[in-house]
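Here the structure is laid out as structure tokens; the discussion comes afterwards.
Derivation of every value follows stated rules applied to the coordinates shown; laboratory data play no part. Source: prediction; values computed, not measured. Methodologically, a virtual Cβ is constructed for each residue, glycine included, from the backbone with ideal geometry; neighbour enumeration extends over all protein chains shown.
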Amino acid sequence: MLIVQKYGGTSVADVERMKNVAKRAVATRKKGDSVVVVVSAMAGETDRLIALAAEITDNPDSREMDMIMSSGERVSSALTALAIRDFGEKSLSFTGRQVGIETDASHTKARIKKITAERLKKALKAGYIPVVAGFQGIGPKDEVTTLGRGGSDTSAVAIAAAIGADRCEIYTDVDGVYTTDPNVVPGARKLDKISYDEMLEMASLGAKVLQTRSVEFAKKYNVPVLVRSSFNNNPGTLVTKEDKNMEKVSVAGIAYDKNQAKITVVNVPDKPGIAAELFRGLAKANINVDMIVQNISSDGKRADISFTIPKTDSQKTMKVTRKIAKKLDAEKVDLLDNISKVSIIGVGMRSHSGVASKMFDTFAAHGINIMMISTSEIKVSCVVDAMYTELAVRVLHDAFELETEAK
Ligand code: ASP
Ligand code: MG
């Protein structure tokens, strides 16, 4: 078998742990499999590098940020390669560029376009365990790019797709994907299996175990992804194609996201083109809008438009929105940033009815007010006061009986 093993920051946090990683990769190789290792930077390193830049300027150039941030993975990949050699196997470390990870030009959030992987294939053929620096690629003008925070997951899955690996193993500091954050619900249950679509929702709705883009790649190229701990030999969670059994449970997991803010444009004229102009302006400013709700006033002439964005973007978004609101003749723009989004996810929702109403009933029974609602085929999200986040997650976990083994 051909296996890609990706090790996150905590798994390569110090040289002892790197030796552990090396041991695991070597053991896999000794079993007769070919293995490519992809590593993150040592835990905390990317944050440290970002903080250094912040000491110099509030507004660092994104090209230079990519040069800085990509260095973390360069260090951990070469150290890991040394550790593998020390165990007697052949190993070579590679930067993203050296294995042909071609991205678009958008610094600090580049998207992978293509992976040539020539040197990788050559190294594998010659019996090496290649160790690739995650999180980075090379843009169209030969500039170093990075793939967004948590991007090593995407490097690993994309490489697995490019070389036709049988599986991509993601090693982290938890045993797999849980029904919800075990820090919030100690009785959260580890899932043996989860579908790509559910994982995609979980990841984009706040579960931090995999970068969303990596799940998109896995789904698109049908790469089975095994999420497991590098600190034990527990079996982990397989992220894979949907099967019949997954539809049997209505809710597979609960996610929450506290990085949320709500902006309301108050009292805008209710006529064609208003929403278009507002969201065109926000898109131009590269602001990622999530939920949108429009309330129409009783006389039908004016409306309020509310939308949610990542809290970290709220200042920038307020600035842009105020400018547009003025043009649109709105009364004012309000910001509410002590909110969070709590979501239930499950492919079983397609065939079970009453899932959303059970969520609302549960919130009502606990006095949790719902500010916004959005749904898709396999998820229901509610915006609630941030103060209620943990309570909301706990009572939903109970209501949907996620602690008990799925039947
Ligand atoms: N080192 C990068 C980060 O901290 C990428 C990663 O760990 O996946 O975001
Ligand atoms: Mg990560």
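Using Cβ point charges alone (K and R +1, D and E -1), the dipole size of the chain about the Cα centre works out to roughly 1160 debye. Using C-alpha pairs below 8 Å separated by at least 6 residues, the relative contact order for segment 244-332 is 40 percent. Taken over segment 150-241, the alpha-carbon convex hull comes to 88 cubic angstrom per residue. Between K326 and V289, take the C-beta separation as r, use R0 = 22 Å, and let me know the FRET efficiency to the nearest 0.05. Efficiency computed from Cβ-Cβ geometry: 0.70. I'd like to know which of T237, F279, I263 lies farthest towards the positive end of the charge dipole of segment 228-280, counting +1 on Cβ of Lys and Arg and -1 on Cβ of Asp and Glu. Sorting the options by dipole projection puts first T237. Would you mind checking the tilt of helix 212-221 against the longest principal axis of the Cα atoms of the chain, expressed as 0 to 90 degrees and rounded to 10? Between helix and principal axis, roughly 70 degrees. With the charge dipole of the chain set up from +1 on Lys and Arg Cβ and -1 on Asp and Glu Cβ about the Cα centre, the Cα lying farthest toward the positive end among the listed residues G8, G134, M359 is that of G134.
In degrees, nearest 10, range 0 to 90: what is the angle between the Cα axis of helix 45-56 and the longest Cα principal axis of the chain? Approximately 60 degrees, to the nearest 10.
Taking label points 7 Å from Cα along the Cα-to-Cβ direction, L2 and E242 give a separation of 2.9 nm.
Within the chain, what percent of beta bridges assigned by DSSP are antiparallel, to the nearest 5? For the chain, the DSSP antiparallel bridge percentage is about 60.
Tell me, in nm to one decimal, what length is gained between S62 and A275 on full extension, where the rule is 0.36 nm per residue of separation less the Cα-Cα distance? It would help to have the intermediate numbers written out before the result.
Details: separation 213, 0.36 × 213 = 76.68 nm, distance 3.08 nm.
Gain in length upon complete extension: 73.6 nm.
Under the convention that each Lys and Arg Cβ holds +1 and each Asp and Glu Cβ holds -1, the size of the dipole of segment 266-407 around its Cα centre is about 800 debye. Seen against the Cα atoms of the chain and their longest principal axis, helix 152-162 is set at about 70 degrees.
Calculate, in whole percent, how much of the Cα-Cα pair population of segment 270-314 lies beyond 12 Å. Could the numbers behind the result be given before it?
On the way: 648 of 990 pairs.
Above the 12 Å cut-off, segment 270-314 has 65 percent of its Cα pairs.
Here the ratio of the Cα radius of gyration of segment 51-137 to 2.2 N^0.38 Å is 1.26.
Using only helices, what value at 222 nm comes out for the chain when you add -39,500 (n - 2.57) per DSSP H run of length 4 or more and divide by the total residues, to the nearest 500 deg cm²/dmol? Provide the component values of the computation, followed by the final result.
On the way: 11 runs with 138 residues, N = 407.
Value at 222 nm, helices only: -10500 deg cm²/dmol.
Radius of gyration (Cα atoms) of segment 262-395, expressed as a multiple of 2.2 N^0.38 Å: 1.15. Between the listed residues I339, A303, V320, the Cα displaced farthest toward the positive end of the dipole of segment 256-361, a dipole computed from Cβ unit charges relative to the Cα centre, is found at V320.
Give, in nm to one decimal, the length gained when the segment between L52 and F87 is fully stretched (0.36 nm per residue of separation minus the Cα-Cα distance).
Working: separation 35, 0.36 × 35 = 12.60 nm, distance 3.49 nm.
Additional length available on full extension: 9.1 nm.
Remark on segment 250-289: hydrodynamic radius 13.1 angstrom, per the Kirkwood mean of 1/r across alpha carbon pairs. In the chain, Cα pairs under 8 Å separated by at least six residues give a relative contact order of 13 percent.
If every alpha-carbon in the chain counts as one equal scatterer, what log10 I(q)/I(0) does Debye give at q = 0.10, 0.13 1/Å? Values returned for q = 0.10, 0.13 Å⁻¹ are -0.74, -1.15.
So, with +1 on the Cβ of K and R and -1 on the Cβ of D and E, and no other charges, what is the size of the charge dipole of segment 33-73 about its Cα centre, to the nearest 20 debye? Please report the intermediate quantities before stating the final value.
Values: 2 positive and 9 negative charges, 10 e Å.
For segment 33-73, the charge dipole is close to 40 debye.
Here, P(r) means the percent of Cα pairs in each 5 Å bin from 0 to the largest distance; for segment 337-407 it is 3, 16, 30, 26, 16, 7, 2, 0.
Residues M291, M387 in ascending order of nearby Cβ atoms (within 10 Å, fewest first): M387, M291.
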